[in-house]
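The values are calculated or read from the model by the stated rules, or taken from the named source; none is laboratory data. The structure displayed is predicted, hence computed values, not measured ones. Every residue, glycine among them, receives a Cβ derived from its backbone with ideal geometry; neighbour counts consider all protein chains shown. We work out accessible area using only protein heavy atoms, side chains counted, and drop any ligands, DNA or RNA first. Shrake-Rupley method; radii C 1.70, N 1.55, O 1.52, S 1.80 Å.
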Amino acid sequence: MRKNLFFATFFLLSVLLLAFIVIPILVLYSFTSVTGLFSNFLNGDFLNVLEVTFVAGLISTAILAILGIPLAYMMAREHFPGKNIIQAIVDLPLVIPDTVAGLIIFLTFYSGGVLGAPLSHAGLNFVDTLPGIVVAMMFVGAPFIINTARAGFTSFDPKLERVAMSLGAGRFRTFLSVSLPLNLEGIWNGLVITWAKGVASFGSIIIIAYFPVIAPTYIYSQFLLSGIPASAVAAGGFLLITLAIFIVSRLTASRLTKWTRS
Amino acid sequence: MDEELSVSLRGVEKTLGQFHLGPIDLDVKEPFVLLGPSGAGKTTLFEIIAGFIRPDKGKIYCNGEEITGKKPEKRNLGIVYQDYQLFPHLNVMENIGFGLKFRRMSGREIDERVRGIAEMFNIGHLMQHNVRSLSGGEKQRVALARALVVGPKILLLDEPFSAVDEEGRAKLREEFNSLRKHLDCLVILITHNQEEAYEMAEKIAILYGGRIMAHGERDEVFGRPKTVKIARFLGFKNILSSKELIALNIEPPSSNGFFALPNEKIRLDGTGGTLLRGTIERYESLRNQTKVVINVGGVRLEKEIDRNFEFTGPEIDFGVNSNELLPLE
């Protein structure tokens with residue numbers, strides 16, 4: 001009886017939260033139609049926006065993978081002074097409001113900024129450019145890849161790496177042939193969440209790069225210029241594609257899990 | 001073994017937080033067991049020898065060559081951990097051949113070497129198997145084959161039989177001993193299990209609190225503990241001060257200090273230089289024996305007695321020879 005009450009209570013609370021997430025999404029689709037949704041994919045502007053959003057998301061995720069996985073590994077395996085401070089720095093973008101992040105990125109990367117000035121001399125400009133979107137996405141996405149990959153690296157015994165070293169593998173080869181394959185799922189999940197966070201960002205991007213227009217900016221401008229129906233159609237189309245990519249990614253993660261465990 | 005294989009440690013020390021290991025001086029030239037309780041520093045010493053931890057002080061030599069600063073991948077030491085640590089993303093064949101990929105060998109040579117050692121270890125039929133599906137004994141064979149296929153001079157085993165229950169452990173030890181004839185290397189085993197330590201090598205060292213407290217032939221090490229702590233660790237129940245011995249009318253070998261009285265030296269056959277009568281305070285049934293706590297004038301002694309022993313009442317007579325007491329530091 002008590003057991004049933006326990007599960008009934010937890011079930012009810014879980015359903016409430018899931019409903020809280022799903023109902024607004026369903027509400028969004030109640031403002032659109034199937035033809036309306038598909039009309040998005042015949043709209044050149046919308047397709048351009050998607051391309052910019054997803055390409056910027058991929059580039060930022062790829063750069064974060066190269067820079068973030070080594071940091072995640074160091075945080076998972078090594079003990080060093082100041083590790084807590086480094087973890088706090090990693091988590092900073094999570095607590096900074098999106099618009100503040102946008103302002104920080106702008107002030108750092110505009111042509112007179114600390115990093116923007118030398119880079120603009122080298123021909124790399126960030127204001128209203130794809131690189132501007134990429135750096136903003138990187139800033140907000142960094143904690144996701146680092147923290148997820150870190151958790152993955154701590155999920156297997158470091159003795160496996162020691163065995164590899166005792167068999168003649170140096171640190172790099174041990175990392176590539178043992179640590180990385182054993183954390184494929186963690187890294188993949190981290191990359192997917194990082195990409196999703198990037199393509200869903202708005203406030204952090206709009207200050208440095210209103211143009212080229214990304215999906216969240218496009219939806220917002222549709223809302224301001226054309227009202228709810230037009231923005232709901234664009235939002236519905238964007239969400240549909242993002243969810244499809246997310247589901248495929250999750251399936252890939254479970255396949256990776258099976259592969260590494262089989 | 002054609003050449004004399006050896007591992008030597010000279011003044012090795014390492015501090016990890018509150019724990020201090022060493023100084024350790026040790027010469028190993030034949031199959032060797034490092035025995036110690038949890039927290040004694042066995043794993044730290046294992047990792048120092050294997051090269052995963054750099055000592056703060058001291059030097060390590062392998063076959064006469066100093067290897068203190070040498071990277072683990074250059075030491076040519078095989079290691080087998082308690083839970084074998086087989087690579088879960090690789091099958092049996094890939095696990096065994098892992099180390100050969102880092103040597104200048106063709107794919108064909110690697111294949112031949114792997115198949116050769118797999119046949120020798122009787123795991124040839126498991127080559128394509130998932131390592132998760134193997135039994136404890138099979139995992140042990142794969143782990144040993146993986147460590148030995150690269151031809152290490154030293155094989156370090158860290159509690160290799162501890163991951164299973166008592167019955168499985170005995171079986172794994174038996175299997176390991178049957179594989180020993182294939183081991184052309186110096187085997188160093190680290191364990192907390194005394195029975196295992198006794199069975200696996202004739203030379204033993206006891207590591208306790210980060211220091212080597214005893215070192216030598218196994219019967220000497222097990223039979224003649226040098227300190228109170230080691231005597232307790234080795235299971236000596238009766239550790240008596242000289243005052244307690246005097247209270248028992250046993251002349252202590254020296255006027256102060258502590259002495260261990262081995263269980264078998266509490267004689268129930270009427271022999272012994274000092275004959276005593278005590279009251280049995282407590283009986284405890286062990287699997288094959290009965291443990292009794294005997295009170296002799298306030299001094300308590302523990303004695304394990306054959307289960308068939310016939311007690312004649314609440315009191316028991318026994319004898320002790322003072323020259324059979326083991327002096328402890």
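Given 0.36 nm per residue, what is the gain on full extension from B:GLU167 to B:SER6 after removing their alpha carbon distance, in nm? Before the final figure, lay out the partial values.
Working: separation 161, 0.36 × 161 = 57.96 nm, distance 3.29 nm.
Contour length minus Cα-Cα distance gives 54.7 nm.
Could you name every residue in the range B:50-81 that has 20 Å² or more less accessible surface in the full protein assembly than in its own chain alone (probe 1.4 Å, ligands and nucleic acids excluded)?
By number: B:PHE52, B:PRO72, B:GLU73, B:LEU77, B:ILE79, B:TYR81.
Leaving out ligands and nucleic acids, note down the accessible area per residue over chain A with a 1.4 angstrom probe, in whole Å².
Working: 13970 Å² over 262 residues.
With the other protein chains kept in place, chain A gives 53 Å² per residue.
Cut-off 20 Å, label point 7 angstrom out along Cα-to-Cβ of A:VAL114: give me the residues of the range A:193-212 whose amide nitrogen falls inside.
Answer for the range A:193-212: A:204-205, A:207-209.
Summarise the accessible area of the protein assembly as shown (1.4 Å probe, protein heavy atoms) by the percent that is carbon and sulfur.
Numbers: 17520 of 29870 Å².
Reported share for carbon and sulfur atoms: 59 percent.
For the range A:169-174, just list the computed ³J(HN,Hα) in residue order, Karplus coefficients 6.51, -1.76 and 1.60, θ = phi - 60°, integers in Hz, with x standing in for Gly and Pro.
Ordered by residue, 3J(HN,Hα) equals 7, x, 4, 5, 5, 4 Hz.
Give me the one-decimal nm value for the distance between modelled label points at A:SER30 and A:ILE247, 7 Å along each residue's Cα-to-Cβ direction.
For the pair A:SER30/A:ILE247, the computed spacing is 2.2 nm.
Write down, largest first, the equivalent ellipsoid semi-axes of the protein assembly as shown in whole Å, where each equals the square root of 5 times an eigenvalue of the alpha-carbon gyration tensor. Can you show the working numbers first?
Working: eigenvalues 867, 179, 123 Å².
Square roots of five times the eigenvalues give 66, 30, 25 Å.
Can you give the FRET efficiency for B:ARG211 and B:SER133, using 1/(1 + (r/R0)^6), R0 = 60 Å, r = Cβ-Cβ distance, to the nearest 0.05? Present the calculation step by step, with values, prior to reporting the outcome.
Working: r = 43 Å, r/R0 = 0.71.
Efficiency computed from Cβ-Cβ geometry: 0.90.
Which parts of the range B:70-85 would a label at B:ASN193 reach, counting a residue when its backbone N lies under 15 Å from a point 7 Å out along Cα-to-Cβ?
B:81-84
Inverting the mean 1/r over all pairs of different Cα atoms, compute the Kirkwood radius of the range A:58-107 and quote it in Å.
12.6 Å is the Kirkwood radius here.
For A:SER14 and A:TYR210 in the same chain, what is the full-extension length gain: residue separation times 0.36 nm, less their Cα-Cα distance, in nm?
On the way: separation 196, 0.36 × 196 = 70.56 nm, distance 3.85 nm.
Value of the extension gain: 66.7 nm.
Let me know the whole percent of all Cα-Cα pairs from the range B:90-197 that are separated by more than 20 Å.
Values: 2334 of 5778 pairs.
It works out to 40 percent of all Cα pairs.
Scaled to the compact-protein estimate 2.2 N^0.38 Å, what is the alpha-carbon radius of gyration of the range A:34-261, rounded to two decimal places? Intermediate results must be reported in sequence, preceding the final value.
Working: Rg = 19.9 Å, N = 228, 2.2 N^0.38 = 17.3 Å.
Expressed relative to 2.2 N^0.38 Å, the Cα Rg reads 1.15.
Roughly how much accessible area, to the nearest 100 Å², goes out of reach of solvent when A and B pair up, both sides summed, probe 1.4 Å?
On the way: alone 15020 and 16930 Å², together 29870 Å².
In total, this chain pair buries about 2100 Å².
Based on the Cβ-Cβ distance from A:LEU94 to A:ASP45, what FRET efficiency comes out when R0 is 30 Å, to the nearest 0.05?
Details: r = 33 Å, r/R0 = 1.09.
With R0 = 30 Å, the Cβ-Cβ based efficiency is 0.40.
Can you pull the semi-axes for chain B, root of five times each eigenvalue of the Cα gyration tensor, sorted largest first, whole Å? Walk me through the numbers on the way to the answer.
On the way: eigenvalues 429, 116, 44 Å².
Taking √(5λ) for each Cα gyration eigenvalue gives 46, 24, 15 Å.
Let me confirm one metric for peptide B:84-91, namely the mean number of other chain beta-carbon atoms within 10 Å of its residues' beta-carbons. Mind showing how you got there, number by number?
Values: counts 2, 9, 2, 8, 9, 12, 4, 1.
If you average over the peptide's residues, the count of other-chain Cβ atoms is 6.
Given a Förster radius of 25 Å and the C-beta distance between B:SER285 and B:SER38 as r, what FRET efficiency does 1/(1 + (r/R0)^6) yield to the nearest 0.05?
Working: r = 28 Å, r/R0 = 1.10.
Efficiency computed from Cβ-Cβ geometry: 0.35.
Remind me, what semi-axes does the range B:174-329 give for its equivalent ellipsoid, largest first in whole Å, using sqrt of 5 times each Cα gyration tensor eigenvalue?
Details: eigenvalues 228, 82, 30 Å².
So the three semi-axes of the range B:174-329 are 34, 20, 12 Å.
So, for chain B, what is the accessible surface per residue at a probe of 1.4 Å, expressed in square angstrom?
Numbers: 15900 Å² over 329 residues.
Heavy-atom accessible area per residue stands at 48 Å².
State the extension gain, in nm to one decimal, for the chain segment bounded by B:ALA247 and B:GLU30, taking 0.36 nm per residue of separation less the distance between their alpha-carbons. Display every interim value, and only then the final one.
Working: separation 217, 0.36 × 217 = 78.12 nm, distance 4.55 nm.
Separation in residues times 0.36 nm, less the Cα-Cα distance, equals 73.6 nm.
Compute for the range A:23-159: radius of gyration divided by Kirkwood radius, i.e. Rg/Rh, restricted to C-alpha atoms, rounded to two decimals.
Numbers: Rg = 19.2 Å, Rh = 17.8 Å.
Ratio value, two decimals: 1.08.
What percent of all Cα-Cα pairs in the range B:221-275 falls into each 10 Å bin, going from 0 up to the bin containing the maximum distance?
23, 51, 26, 0
How large is the accessible surface of B:ASP27 in square angstrom, using a 1.4 angstrom probe and rounding to the nearest 10?
About 70 Å², ignoring ligands and nucleic acids.
So which lysines can B:LYS74 reach, going by Cα to Cα under 16 Å and dropping same-chain residues fewer than 8 places off?
B:LYS101, B:LYS153
Over the alpha carbons of the range B:266-329, what is the largest minus smallest coordinate on each principal axis, giving the biggest first in Å?
31, 24, 23 Å, listed from the longest principal axis down.
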